[in-house]
Amino acid sequence: MVRLLLLALCLLGAVQLAPCSAMYEVDRVAEYDRRYPREWPPKDYIPNNEGWRSVHEHRFKQIREMDNHGEKYEGWMQSVFAAFLVQNFTEYGFGLVRAPEELTQALQEGIRGGLERGEARLEYQVDVIEGPRCLFIDRPDLTKRVLTELQTYTEAWAQMELTPHIAYGFRLYQNNSVLNMHVDKKQTHIVSMIFHIDSSDDAEDWPIYIEDLLGRTHEVVLKPGDILFYESSKCLHGRPKMFNGSWYSSIFIHYYPTHGWQQTDHQQRAHYIVPPGWNDKVEEKKETPLKMIGTSFKEPTCPNGWCATQDTVKWSGPGEEGVWIDPMMVRHPFEPKRFSAGDEL
Ligand SMILES: *[C@@H]1O[C@H](CO)[C@@H](O)[C@H](O)[C@H]1NC(C)=O
Ligand SMILES: *[C@@H]1O[C@H](CO)[C@@H](O)[C@H](O)[C@H]1NC(C)=O
Ligand SMILES: *[C@@H]1O[C@H](CO)[C@@H](O)[C@H](O)[C@H]1NC(C)=O
């Protein structure tokens with residue numbers, strides 16, 4: 001009876017995470033035991049290479065040393081999915097390509113015109129962004145065009161059939177913004193694009209940092225008209241270095257695999273692979289402190305709030321027409337077209 005009452009309160013959000021998860025913990029651990037051996041790691045990393053394993057082993061050690069119960073569970077949830085559950089769809093996890101010139105121009109006019117006409121409003125608070133609230137210019141006509149026109153791009157890059165979820169924009173980051181390192185939503189943000197449109201004339205470069213599937217951190221400066229393809233629920237990414245300028249605007253475009261993706265509850269799979277003992281206290285702390293800001297990660301004791309910004313593979317756009325560039329800097333001929341199963345042969 002008490003249990004049912006607590007469950008109802010949890011679902012209504014009336015009580016905090018701690019009692020809720022404590023109540024579910026017995027059932028969750030039973031399910032973990034059914035799925036995985038009682039060892040760590042519970043299964044092979046995906047992909048199972050040295051670099052990817054070591055970047056996650058380190059992160060898990062940092063998470064074990066977190067103090068706050070709620071933050072700690074969030075840290076586990078955000079990491080186990082990327083490390084063990086979601087498959088990789090490409091070799092290295094991201095790539096750089098050039099958008100069609102005409103589309104970029106239409107979007108730039110959308111932003112500059114929107115600003116001139118005073119159409120920018122304050123965006124709701126986003127939990128992975130620190131600093132001033134972003135502005136938002138709502139142009140569903142243009143975002144719809146992006147989602148449709150660029151489907152051939154993502155499908156040609158990921159080599160599979162994809163279903164469009166959302167093209168989100170235009171968001172305009174403001175001066176002194178920070179976008180903390182994070183992975184995207186597990187159910188719908190699987191193969192994605194960051195399409196950089198424009199920034200104010202006074203804006204300094206604002207690199208995006210992204211981990212590839214070998215565990216290396218890249219620092220990519222996108223130029224207007226550049227598109228970064230990335231496996232967004234797998235590769236940790238963000239702009240932890242503070243933005244300096246009036247505004248900076250991109251569109252975020254998300255797709256998920258058409259076949260065999262939506263049938264699974266990916267959030268639930270992640271809950272069931274958080275190890276029993278995830279909340280055990282570590283007496284002697286040895287790692288660089290890691291903190292959660294909402295669903296995002298921060299290392300407050302490092303420059304830019306993220307240690308890996310000190311050791312990166314550096315890139316800069318613009319990309320090139322007709323090629324996509326992979327994280328080993330290898331150029332591949334690129335021909336955007338809808339994917340169909342026969343293409344693999
Ligand atoms: C997944 O990543 C590994 C390591 O980078 C790679 O060898 C493998 O081909 C990738 N899988 C796909 C489907 O691209
Ligand atoms: C930001 O840019 C302005 C020039 O627009 C420069 O004077 C200032 O030093 C920069 N601030 C930082 C923190 O880099
Ligand atoms: C942004 O903030 C920095 C201080 O952090 C300041 O130096 C700079 O002038 C500001 N830029 C604009 C465009 O407001």
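The values are calculated or read from the model by the stated rules, or taken from the named source; none is laboratory data. Keep in mind the model is a prediction, meaning the values are calculated, not measured. Methodologically, a virtual Cβ is constructed for each residue, glycine included, from the backbone with ideal geometry; neighbour enumeration extends over all protein chains shown. We work out accessible area using only protein heavy atoms, side chains counted, and drop any ligands, DNA or RNA first. Shrake-Rupley method; radii C 1.70, N 1.55, O 1.52, S 1.80 Å.
Ignoring everything except DSSP H segments at least 4 long, calculate the 222 nm mean residue ellipticity for the chain; use -39,500 (n - 2.57) per segment, divide by total residues, nearest 500.
Computed ellipticity for the chain at 222 nm equals -8500 deg cm²/dmol.
Run the accessible area of region 1-338 with a 1.4 Å probe and give the carbon-and-sulfur part as a rounded percent.
Ligands and nucleic acids excluded, carbon and sulfur give 52 percent.
In square angstrom, what is the accessible area per residue of the chain with a 1.4 angstrom probe?
With the other protein chains kept in place, the chain gives 46 Å² per residue.
How much length, in nm to one decimal, is gained on full extension between Met329 and Arg121, taken as 0.36 nm per residue of separation minus their Cα-Cα distance?
Using 0.36 nm per residue and subtracting the Cα-Cα distance, I get 71.0 nm.
Given the peptides 132-141, 166-175, 259-268, arrange them by the average over their residues of other C-beta atoms within 10 Å, most packed first.
Result, highest mean first: 166-175, 132-141, 259-268.
Quick one: if you stick a label point 7 Å off each Cα along the C-beta vector at Val26 and Glu57, how many nm between them?
With each label point 7 Å from Cα toward Cβ, the separation is 3.6 nm.
Can you tell me the FRET efficiency between Val282 and Asp33 if r is taken as the Cβ-Cβ distance and R0 is 22 Å, rounded to the nearest 0.05?
The pair Val282/Asp33 has a calculated efficiency of 0.45.
So if I place +1 on the C-beta of Lys and Arg and -1 on the C-beta of Asp and Glu, and nothing else carries charge, what would the dipole magnitude of the chain be about its Cα centre? I want it in debye, nearest 20.
860 debye
Could you name the aspartates and glutamates in cross-link range of Lys337, using Cα to Cα under 13 Å and dropping any fewer than eight places away on the same chain?
Cα-Cα hits under 13 Å: Glu149, Glu155, Glu161.
Between region 115-142 and region 255-289, how far is it from one alpha carbon centroid to the other, in angstrom?
A separation of 31 Å, based on Cα centres.
Quick one: which residues, 5+ away or cross-chain, put their amide H under 5 Å from the amide H of Asp184? H built at 1.01 Å from N.
Ser233, Lys234
Which of the residue pairs Lys61/Lys314; Lys241/Lys298; Lys61/Lys281; Lys43/Lys234; Lys61/Lys298 have a Cα-Cα distance greater than 22 Å in the structure shown?
Over 22 Å Cα-Cα: Lys61/Lys314.
Could you work out the equivalent-ellipsoid semi-axes for region 38-195, taking the square root of 5 times each eigenvalue of the Cα gyration tensor, largest first, in whole Å?
Over the Cα atoms of region 38-195, the ellipsoid semi-axes are 34, 22, 12 Å.
Tell me whether region 86-130 comes out rounded, prolate or oblate; compute the Cα gyration tensor, take square roots of the eigenvalues as a ≥ b ≥ c, and use a/c under 1.5 as the rounded threshold.
Note, shape of region 86-130 comes out oblate.
Once a ≥ b ≥ c are taken as the square roots of the eigenvalues of the Cα gyration tensor of region 1-338, is the result rounded (a/c under 1.5), prolate (a/b larger than b/c) or oblate (a/b not larger than b/c)?
The shape class here is prolate.
Would you kindly derive the ³J(HN,Hα) couplings of region 46-55 from the backbone phi angles with the Karplus curve 6.51 cos²θ - 1.76 cosθ + 1.60 (θ = phi - 60°), listing them in order in whole Hz, with x for Gly and Pro?
Result, ordered by residue: 10, x, 9, 10, 3, x, 5, 4, 6, 5 Hz.
To check my understanding: the extent here is largest minus smallest coordinate of the Cα atoms along each principal axis. What are those three numbers for region 108-258, in Å, largest first?
40, 34, 26
Quick check: pseudo-label points 7 Å beyond the Cα along Cα→Cβ at Thr264 and Trp40, how many nm apart are they?
Result for the modelled spin labels: 2.4 nm.
Could you tell me which of Gly75, Asn49, Tyr92 has its Cα farthest along the dipole of the chain towards the positive end, charges placed at Cβ (Lys, Arg +1; Asp, Glu -1), taken about the Cα centre?
Gly75
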